[in-house]
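Notes follow the structure.
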Amino acid sequence: MTPPAERKEPGRKWAVMLAVLVHLMFAAVLVFGVNWQTREAAPVIAELWNSLPLAPAPAPKAAPEPKPAPAEEPKPEPKPVPKPVPKPEPKVEQPKPAKVDIALKEKEKKRKEEERKQAEAEKKLKDQLKEQELKEQREMLADEQAALSKQRDEARRQKTAAAQAAAQVAAQARGMAEAIGRIRSHVRRFVVMPADVAGNPEAEFEVFLLPTGEVLNVRLSRSSGNTAYDNAVERAIHKASPLPLPVDPLLAGRFRELTLKFRPNE
Amino acid sequence: MNVTQDLSFLSLITNASVVVQLILLILLLASGLSWFFIFSKMFSIRAALREADQFENEFWGGTDINNLYQRTLSGRTPVVGMEKIFEAGFREFLKLKRQGRMDIGVIMDGTRRAMRAACQRELDALELHLSFLASVGSVSPYIGLFGTVWGIMNAFRGLSNVVQATLAHVAPGIAEALIATAMGLFAAIPAVLAYNHYSHDVDRLATRFDSFMEEFSNILQRQTGV
C-alpha cells in the first residue's frame, strides 16, 4: 500500500487573506474604539466649563476696550500732512527762470505785460493759497478737536473699564479673603492648643487641595518656632478636611494651593 | 497638576515596555496563525463533509460497487474521505480474494484493517492543527495576563517616586497593560470556539466513517458468501 501523499489543504490563499482581513478589522475596531473612549473622557473637562457661565459675564466687558483705540488713531494723522506741501512750491518757482532767460530788448513790452499778467496770476495764486491754508487750518483744528473729544471719550471709557476691572479684582480679592478667612476659622475650630505657647508667633502652611476641598498635602513653609503648635495646626488642617471652598467656580479654581497663616491668639 | 495623556491605541503600544511589546507580538502571531487555521480548517472540513455526502449518495444510489471502484481509480483528483476508505477496503478485499482459497473471516479481517488504517489517516488529516487551536485557546489568555501583570507592576513601580499619587499617573500604564489581556482574549476566544466546533464536526465525520465501514464490510461479506 502506498502511504497517502501530503494532501494540499484546500483554499490556502483564501485562509491567509481572511485571517489578515480579520486582524485588520480587529485593529480598526481597537483604534477607533480607543479613540472614541478618549473622546468620551473629554466631557469631564466640559463639565468644568459648564460651571463657568457665571464667569464669562465679566470677561466680555473687558474685551471691547482695545477695539476702539486702533480705529480712531489713524484717521486724524494722514489728512493734514500731504495737502500743504506739494501745491505751493512747483507753481510759483518754475515760470520765473524760464521767462527771464528768454527776455530780449525788442520784446521788453511784451515781457512787462507778461510780468504784469504773471504778477496778477501770482496774486491770484497767493490768494488761493491763503484761502487753502485757512481752510486747511480750519480742517486741522476741527480734526484736532474731534481727536481730542475722541481721546476724552476713550479716556472716559478706559477709566470706566479700569474701574470695572478694578472692582472685579477687588471683588475677587474680597471673595478670596473671605474664603480664606472662612477656611481659617474652620480650621481653627479643630486646633487643640498646646499648653506652652509663648507670645503670638505666626505659622505658615502650604496646603494642597483637591477640587472638592479635600486636603491632599500640608507643608509647613514657615515654622512658628513652637513645634507643638505647628503640629497642632497641621493636625487640625488634616482633620478639617474637606475645607469649605467658595461656591463661585472661578474662585474655587484658585483654591488648589493655599498659604494659610495661623497665630495662637486670634 | 494637569496630566493630559494621549491614550490612543498606537501610542499605548509604542509606549509600552519591551516585555509587553514582545508579548503583544507573540499574541499577534498566535492569533494570526490560529485564524489562518480556523479558515483553512473551515474549508477542508466543509469539503470533507460535502465529499462524504456526495459519496454516500452515489454508494447507496444503487451504483455497482465494481463500477464505483473503477471510477475512483481512474479519477483525476486524489480520492479523499469516505471514498478513500472505500477504495482502500475494496482493493485489499480484491487482493485477498485473488490469492485463492481463503477463509472469509481472514479476508474480512484484512479488509477491515485496511479500511481502519485509511480511516485513521483521513481523520488524522482532518484533525491536523486542531491541537494548535486548542493550545492557543487555553494558553493565550495566560500570556496576555502575564503581559498585563508586568505592565501594572511597572505602572506601580513608577508611582513610588511620585509624592501625590493620582489616577492620572497610573492610568496609562494600566491601559497599556490591559491591551495585552485584550489581545490574549482576542486570540483565545475564536480559537476555543473554532476548536470546539471543528472537533465536533470531525467526531461526527468519524462516526459516519465508522458506520460506513461496518455497512460496507457487511456488503462485502454478503458478496463473498454468495
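Brief remarks follow.
- Residue selected from the stretch A:195-213 under the condition assigned to a loop (DSSP other than H, G, I, E, B) and more than 32 Å from the chain's Cα centre (by Cα), by the criterion nearest to the other protein chains (Cβ to nearest Cβ): A:Glu202
- Enumeration of residues in the stretch A:237-266 that are surrounded by 17 or more Cβ atoms within 10 Å (Cβ to Cβ) and either assigned to a helix (DSSP H, G or I) or charged (D, E, K, R) (or both): A:Ile237, A:Ala240, A:Pro249, A:Leu251, A:Ala252
- Residues in the stretch B:189-199 that are touching a Ser or Thr at 6+ places or on another chain (Cβ under 6 Å) and away from every other protein chain (no Cβ under 13 Å): none.
- For the stretch B:7-87, the helices (runs of 4 or more DSSP H) that sit wholly inside it and include 1 or more residues that are touching a residue at least 40 places away in the same chain (Cβ under 8 Å) and either crowded, with 19+ Cβ neighbours inside 10 Å or touching a Pro at 6+ places or on another chain (Cβ under 9 Å) (or both) are B:9-15, B:18-60.
- Selection within the stretch B:114-136 - part of a helix (DSSP H, G or I), touching a residue at least 60 places away in the same chain (Cβ under 8 Å) and not aliphatic (A, V, I, L, M): B:Arg116, B:Cys119, B:Glu122, B:Glu127, B:Phe132
- Residue check, B:Leu33 among the aliphatic types (A, V, I, L, M), within 14 Å of chain A (Cβ to nearest Cβ) and over 19 Å from B:Ala125 (Cβ atoms): no
- Subset of the stretch A:214-224 [touching a Ser or Thr at 6+ places or on another chain (Cβ under 8 Å) and within 14 Å of chain B (Cβ to nearest Cβ)]: A:Glu214, A:Val215
- A single entry from B:Asp109, B:Asp203 fulfils the requirement of being more than 24 Å from the chain's Cα centre (by Cα), away from chain A (no Cβ under 12 Å) and free of Cβ contacts under 8 Å to residues at least 24 places away in the same chain: B:Asp109.
- Residues within the stretch B:36-70 that are of a type in the set (Ser, Thr, Tyr) and away from chain A (no Cβ under 14 Å), tallied: 2
Where a number appears in this text, it was derived from the coordinates with a stated rule and is not lab data. What you see is a predicted model; the values in this text were computed from it and never measured. Note: ideal-geometry Cβ built from the backbone for every residue, glycine included; neighbour counts use all protein chains shown.
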